[in-house]
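Let me begin by presenting the structure, written as C-alpha coordinates, before commenting on it.
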Amino acid sequence: MKILKRIISILLIFIALLAIVTLFTPSSLQVEESIVIDAPPKMIYKEILDFKSWANWSMWHQIDSNMKNFYSDSMGVVGAFNRWESDHQQVGNGKQTITELEENSLIKTKMEFGGQESNDYSAWYLTPEGEGKTRVKWTFEGSKMPFTMRLISYLFIKDMIQDAY
(Lines give C-alpha, C1' and ligand atoms only; values in the text may rest on other atoms or scores of the structure.)
Protein backbone atom coordinates (compact mmCIF):
# COMPACT_ATOMS: atom_id res chain seq x y z
CA MET A 1 0.00 0.00 0.00
CA LYS A 2 2.91 2.36 0.74
CA ILE A 3 4.34 1.75 -2.72
CA LEU A 4 1.00 2.63 -4.33
CA LYS A 5 0.83 5.89 -2.30
CA ARG A 6 4.36 6.79 -3.40
CA ILE A 7 3.58 6.10 -7.05
CA ILE A 8 0.43 8.24 -6.86
CA SER A 9 2.34 11.01 -5.05
CA ILE A 10 5.08 11.01 -7.68
CA LEU A 11 2.50 11.11 -10.47
CA LEU A 12 0.68 14.02 -8.83
CA ILE A 13 3.93 15.93 -8.37
CA PHE A 14 4.86 15.27 -12.01
CA ILE A 15 1.45 16.48 -13.21
CA ALA A 16 1.70 19.60 -11.03
CA LEU A 17 5.17 20.37 -12.44
CA LEU A 18 3.91 19.97 -16.00
CA ALA A 19 1.02 22.32 -15.26
CA ILE A 20 3.38 24.93 -13.78
CA VAL A 21 5.78 24.72 -16.73
CA THR A 22 2.84 24.99 -19.14
CA LEU A 23 1.71 28.20 -17.42
CA PHE A 24 4.95 29.83 -18.54
CA THR A 25 4.82 28.70 -22.17
CA PRO A 26 3.35 31.04 -24.79
CA SER A 27 -0.36 30.69 -25.52
CA SER A 28 0.29 30.91 -29.26
CA LEU A 29 3.13 29.73 -31.43
CA GLN A 30 5.40 32.32 -33.05
CA VAL A 31 8.36 31.55 -35.26
CA GLU A 32 10.66 33.92 -37.13
CA GLU A 33 13.54 33.15 -39.47
CA SER A 34 15.51 35.36 -41.83
CA ILE A 35 18.17 35.13 -44.50
CA VAL A 36 19.90 37.50 -46.91
CA ILE A 37 19.49 36.45 -50.56
CA ASP A 38 21.58 37.73 -53.44
CA ALA A 39 18.62 38.98 -55.49
CA PRO A 40 16.50 42.15 -55.57
CA PRO A 41 13.18 42.27 -53.64
CA LYS A 42 11.15 42.41 -56.87
CA MET A 43 12.53 39.04 -58.05
CA ILE A 44 11.97 37.32 -54.71
CA TYR A 45 8.49 38.83 -54.35
CA LYS A 46 7.40 37.39 -57.71
CA GLU A 47 8.80 33.95 -56.79
CA ILE A 48 6.97 33.78 -53.45
CA LEU A 49 3.77 35.30 -54.87
CA ASP A 50 3.31 32.57 -57.48
CA PHE A 51 2.37 29.41 -55.57
CA LYS A 52 3.00 27.35 -58.70
CA SER A 53 6.73 28.21 -58.54
CA TRP A 54 7.03 26.81 -55.00
CA ALA A 55 7.61 23.33 -56.46
CA ASN A 56 11.09 24.61 -57.46
CA TRP A 57 12.23 25.42 -53.92
CA SER A 58 9.71 24.48 -51.22
CA MET A 59 10.77 21.83 -48.71
CA TRP A 60 7.25 20.38 -48.74
CA HIS A 61 7.51 19.57 -52.45
CA GLN A 62 10.86 17.89 -51.83
CA ILE A 63 9.39 15.73 -49.05
CA ASP A 64 6.47 14.60 -51.20
CA SER A 65 6.93 15.07 -54.94
CA ASN A 66 3.56 13.31 -55.43
CA MET A 67 1.68 15.94 -53.45
CA LYS A 68 -1.41 17.18 -55.30
CA ASN A 69 -1.76 20.97 -55.55
CA PHE A 70 -4.85 22.94 -56.47
CA TYR A 71 -4.52 26.64 -57.27
CA SER A 72 -6.94 29.53 -57.53
CA ASP A 73 -7.58 30.86 -61.02
CA SER A 74 -5.80 34.13 -60.22
CA MET A 75 -2.29 34.24 -58.79
CA GLY A 76 -0.58 37.11 -57.01
CA VAL A 77 -3.69 38.81 -55.64
CA VAL A 78 -5.41 38.92 -52.27
CA GLY A 79 -7.60 35.81 -52.15
CA ALA A 80 -5.28 33.66 -54.30
CA PHE A 81 -4.73 30.26 -52.73
CA ASN A 82 -2.85 26.99 -52.90
CA ARG A 83 -4.54 23.89 -51.51
CA TRP A 84 -2.56 20.69 -51.20
CA GLU A 85 -3.23 17.03 -50.43
CA SER A 86 -0.56 14.57 -49.38
CA ASP A 87 -0.52 11.11 -47.85
CA HIS A 88 2.89 11.89 -46.31
CA GLN A 89 2.47 12.51 -42.58
CA GLN A 90 4.95 15.41 -42.56
CA VAL A 91 3.08 17.25 -45.30
CA GLY A 92 -0.59 16.33 -44.82
CA ASN A 93 -3.42 18.43 -46.24
CA GLY A 94 -3.78 22.17 -46.07
CA LYS A 95 -4.44 25.48 -47.70
CA GLN A 96 -2.86 28.90 -47.72
CA THR A 97 -4.63 32.01 -48.89
CA ILE A 98 -3.09 35.43 -49.53
CA THR A 99 -4.65 37.96 -47.15
CA GLU A 100 -2.37 40.97 -47.53
CA LEU A 101 0.11 42.29 -50.09
CA GLU A 102 2.53 45.20 -50.25
CA GLU A 103 4.34 45.19 -53.57
CA ASN A 104 7.92 43.91 -53.30
CA SER A 105 7.88 44.02 -49.49
CA LEU A 106 5.13 41.86 -47.87
CA ILE A 107 3.11 38.73 -48.56
CA LYS A 108 0.83 37.51 -45.78
CA THR A 109 -1.11 34.25 -45.97
CA LYS A 110 -3.69 32.53 -43.81
CA MET A 111 -2.71 28.92 -43.14
CA GLU A 112 -5.11 26.01 -42.66
CA PHE A 113 -3.95 22.50 -41.84
CA GLY A 114 -5.86 19.25 -42.09
CA GLY A 115 -9.05 20.92 -43.23
CA GLN A 116 -9.38 22.76 -39.91
CA GLU A 117 -10.33 26.45 -39.88
CA SER A 118 -7.65 28.39 -38.02
CA ASN A 119 -6.20 31.79 -37.31
CA ASP A 120 -2.64 30.82 -38.25
CA TYR A 121 -0.74 33.25 -40.46
CA SER A 122 2.54 33.23 -42.33
CA ALA A 123 4.22 36.37 -43.62
CA TRP A 124 7.20 37.15 -45.81
CA TYR A 125 8.91 40.52 -45.30
CA LEU A 126 11.37 41.65 -47.98
CA THR A 127 13.86 44.39 -47.13
CA PRO A 128 16.59 45.68 -49.47
CA GLU A 129 19.99 44.88 -47.97
CA GLY A 130 22.82 46.45 -49.91
CA GLU A 131 23.37 46.27 -53.64
CA GLY A 132 21.03 43.74 -55.23
CA LYS A 133 20.49 41.82 -51.98
CA THR A 134 17.35 41.29 -49.93
CA ARG A 135 16.73 40.29 -46.34
CA VAL A 136 13.85 37.82 -46.35
CA LYS A 137 12.14 37.46 -42.98
CA TRP A 138 9.55 34.73 -42.64
CA THR A 139 7.16 34.63 -39.69
CA PHE A 140 4.55 32.18 -38.52
CA GLU A 141 1.90 33.27 -36.04
CA GLY A 142 -0.23 30.47 -34.67
CA SER A 143 -3.66 30.93 -33.15
CA LYS A 144 -4.22 30.68 -29.41
CA MET A 145 -3.99 27.12 -28.18
CA PRO A 146 -5.82 25.32 -25.41
CA PHE A 147 -3.82 25.08 -22.19
CA THR A 148 -3.33 21.33 -22.64
CA MET A 149 -1.64 21.81 -26.04
CA ARG A 150 0.74 24.67 -25.19
CA LEU A 151 3.70 22.66 -23.91
CA ILE A 152 3.47 20.05 -26.66
CA SER A 153 3.30 22.78 -29.29
CA TYR A 154 6.23 24.69 -27.84
CA LEU A 155 8.44 21.61 -27.48
CA PHE A 156 7.66 19.81 -30.75
CA ILE A 157 5.67 21.79 -33.31
CA LYS A 158 7.80 24.95 -33.12
CA ASP A 159 10.95 23.04 -34.13
CA MET A 160 9.11 21.31 -36.96
CA ILE A 161 7.92 24.65 -38.35
CA GLN A 162 11.37 26.22 -38.01
CA ASP A 163 12.95 23.27 -39.83
CA ALA A 164 10.47 23.74 -42.67
CA TYR A 165 11.79 27.20 -43.39
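The values are calculated or read from the model by the stated rules, or taken from the named source; none is laboratory data. The model shown is predicted, which means the values in this text are computed figures rather than measured ones. Backbone-built Cβ (ideal geometry, glycine too); neighbour counts: all protein chains shown. Just the protein is used for accessible areas: all its heavy atoms, side chains included, with ligands, DNA and RNA removed. Shrake-Rupley method; radii C 1.70, N 1.55, O 1.52, S 1.80 Å.
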Karplus-derived 3J(HN,Hα) from phi for segment 121-138 (6.51 cos²θ - 1.76 cosθ + 1.60, θ = phi - 60°), whole Hz, x at Gly and Pro, runs 10, 10, 9, 10, 10, 10, 10, x, 9, x, 6, x, 10, 9, 8, 9, 10, 10
Heavy-atom accessible area with a 1.4 angstrom probe orders Lys2, Lys68, most exposed first, as Lys2, Lys68
Eigenvalues of the alpha-carbon gyration tensor of segment 1-139, times 5 and square-rooted, give semi-axes in Å, largest first, of 40, 20, 14
Within segment 89-115, the residues whose backbone N lies under 13 Å from a label point placed 7 Å from the Cα of Met59 along the Cα-to-Cβ direction are 90-91
The extension gain from Asn66 to Lys52, computed as 0.36 nm times the residue separation minus the Cα-Cα distance, is 3.6 nm
Judged on accessible area alone, 1.4 Å probe, highest first, Trp84, Trp57 line up as Trp57, Trp84
At q = 0.12, 0.22, 0.27 1/Å the base-10 log of I(q)/I(0) from the Debye formula over the alpha-carbon atoms of segment 36-107 is -0.35, -1.01, -1.23
Cross-link reach from Lys137 to lysines, straight Cα distance under 27 Å and at least 8 residues apart if same chain, gives Lys42, Lys46, Lys52, Lys95, Lys108, Lys110, Lys158
Ignoring ligands and nucleic acids, Asp120 exposes an accessible area, probe 1.4 Å, in Å² to the nearest 10, of 20 Å²
Two pseudo-spin positions, 7 Å from Cα along C-beta at Val78 and at Glu100, lie apart in nanometres by 1.1 nm
Judged on accessible area alone, 1.4 Å probe, highest first, Thr127, Thr134 line up as Thr127, Thr134
